Structure formats: C-alpha cells, structure tokens
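FYI, it's all coordinate maths here, none of it is from the lab. All figures in this text were calculated on a predicted structure; none of them were measured in a lab. Glycine gets a Cβ as well: all are built from the backbone with ideal geometry, and neighbour counts include every protein chain shown.
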Amino acid sequence: MGQRVNIGVFDSGLGGLSVFRHLITDLPNAQLIYVADSAYCPYGTRTFEQIQQRTKKIVDFLIETYSVSLVVVACNTATAAAIDFLRSTYTIPFVGIEPAIKPAALKTLSKVIGVLATEGTFNGRLFKQTTERYTNGIKTIIQPGYGLVELVEKGIVAGPEVENLLNQYISPMVEQGADILVLGCTHYPFLSNTIGKLFPNLILIDPAPAVSLRAKTILQEMRLPVNLPSENPIFLTTGDSATMDDFLSMHLSIKAKSKQIKI
Ligand code: DGL
C-alpha cells in the first residue's frame, strides 16, 4: 500500500507561491499544503522573536493537522529569522530560502550586483555569512524593498505605483553598474515582468527552482514511499481567502477554493 506524503509550504503571505509553482512540478506525487500568513504580513519589519512565534504556530498546525513530513519555508525573511529555531525545535526537515548571492557573484560581468530583499533578511546571519563568503571583489548593493510586498499581496504587480517603487530602488543599482539583480524575497518574482520592462538589460535571479529541487532531493533521501498520485493542493490563509483565490487564478492559473484558518 502506498502512502501519500504531505509537504507543508508557508510564507508570510502569497509570495511563497513563487516557490510553490516549482514544487508542484518537481513533486508531482506529494500532497502540498500551502499556508499564507497574510493576516500577519509583512514579516519584513517584525522582530525575529515575533516571526519565530508565527512560524511555530504554522508548523504546529501543519504537523497536527496534516502530519507533514517536510516543511518548505518559502520566505527569505522567515528563513533568516527562524530556520535555526525550527530545526532545533522539530525533528522533521526544513528547506529554507535565502537570496541567491552565490550564483549572482559567479554570473556578474560588471562585478556589481544588486540585492532587493526585506530588512529582516538583510539583518539575518545567513545573509551576512553568504555575502562575506561569496562576494570577494564584487560590489554588493543592498536595498530593502519597502512597500512592494504589500502591493503584491493585493495582486498589484504592474502599474505606476509598482513602477515608482521599482525605479526608486533599482535605478541607483543600475547607475552604479549592476548587471544582476537578486530577488531576495519570494514576493518579488511576481514583479519580474515589470522589472524586465523597466530594466531590460538586468539579469534577474530567483532561487525558487533550486529550493524546489532541494526539497525533492531531501524527499528522495528520506526514501518516503511516494507512490500515490497527489490530490489537489490545499491552500490555506490566515487572511482573506477570496484574495488568495484571485491571486492563484491570475498568477498561477490555478482555480482553487482556499480556506481561511485562524492560528
Ligand atoms: N515573502 C517574504 C520573503 O521572502 C516575506 C516578505 C514579508 O513578509 O515582508 O522575504
């Protein structure tokens, strides 16, 4: 008899769906359960202790309700604030996400890279360590993307408001010679088209495909018997379910009925 493997995926909101869209292809036999913590979004300006408390609530819920075997933390800020805490609290494995500094440093021709992320991500140990290790001889321009997460949460990924903020944050990077922009927040890949329109020569780096493959490798190493076809993914939100359904339909072409949860 086969067994369906349940995988939890969460983010401060809808941004982690930029990781989810790869997981659904890479793990076709797993049951994916996505939790958007939209009622507490954004995480970017919260303290690490506050974020740890939220992640604990979400992971407890995922384990108690769905017996998940693995959790993908599809949020750079939550990874920065809580991945060590989660790994020391639970026995199941966690896959986190952090700004893709290493591939950017390897790829840049101008030796200048830009990183757009939240304040929380820049303040984390992981970001500092990775930057120190991989950016020797490379100028790294960091910029918090204030206001962008809030717009993406509302499904606004184009138009004057988005363009104004992107111009404000990215133009100084380009003026200083950046040829690569690291998307250091899972909400930002949904802005890729607008960024591409404003800065057509900038190469964008999104770590989501690598994170998804990492989750796949861990599942293979765990040798879990994944031999039942998966059911439809489950979408849960602490925020508004109609907003999530609209976002899924508009940006992932998924018709789903998400459910609001109170945790
Ligand atoms: N999607 C998030 C990240 O990857 C968090 C954004 C936020 O809530 O501030 O960092």
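The angle separating the long axis of helix 208-222 from the principal Cα axis of greatest extent in the chain is about 30 degrees.
Bridging of LYS216 to lysines at a Cα separation below 24 Å is possible for LYS56, LYS102, once same-chain residues fewer than 8 apart are set aside. Using 0.36 nm per residue and subtracting the Cα-Cα separation, the extra length available between ARG125 and SER253 on full extension is 42.5 nm.
Approximating the spin labels as points 7 Å out from Cα along Cα→Cβ, the LEU109-to-ASN193 distance works out to 2.8 nm. Between the helical axis of 76-89 and the dominant principal axis of the chain, each derived from Cα atoms, what acute angle in degrees is found, rounded to the nearest 10? Once rounded, the angle reads 40 degrees. You can think of it this way: the chain between GLU163 and ILE203 has 12.7 nm of extra reach, that is 0.36 nm per residue less the Cα-Cα gap. Considering only DSSP states other than H, G, I, E and B, which chymotrypsin sites (Phe, Trp or Tyr not before Pro) in region 110-173 qualify as loop sites with at most 15 other Cβ atoms within 10 Å? Those satisfying the criteria are TYR146. Direction-averaged projected area, Cα convex hull, the chain: 13.4 nm², rounded to one decimal. With the highest mean first, a sort of the peptides 250-259, 53-62, 32-41 on other beta-carbon atoms found within 10 angstrom per residue produces 32-41, 53-62, 250-259. Charge tally around ILE58: other residues with Cβ under 10 Å, Lys/Arg +1 each, Asp/Glu -1 each, net 0.
The slack between GLU150 and THR65, meaning 0.36 nm per residue of separation minus the straight C-alpha distance, is 27.7 nm.
Rounded to the nearest 20, the size of the Cβ-charge dipole of the chain about its Cα centre is 560 debye, with Lys and Arg at +1 and Asp and Glu at -1.
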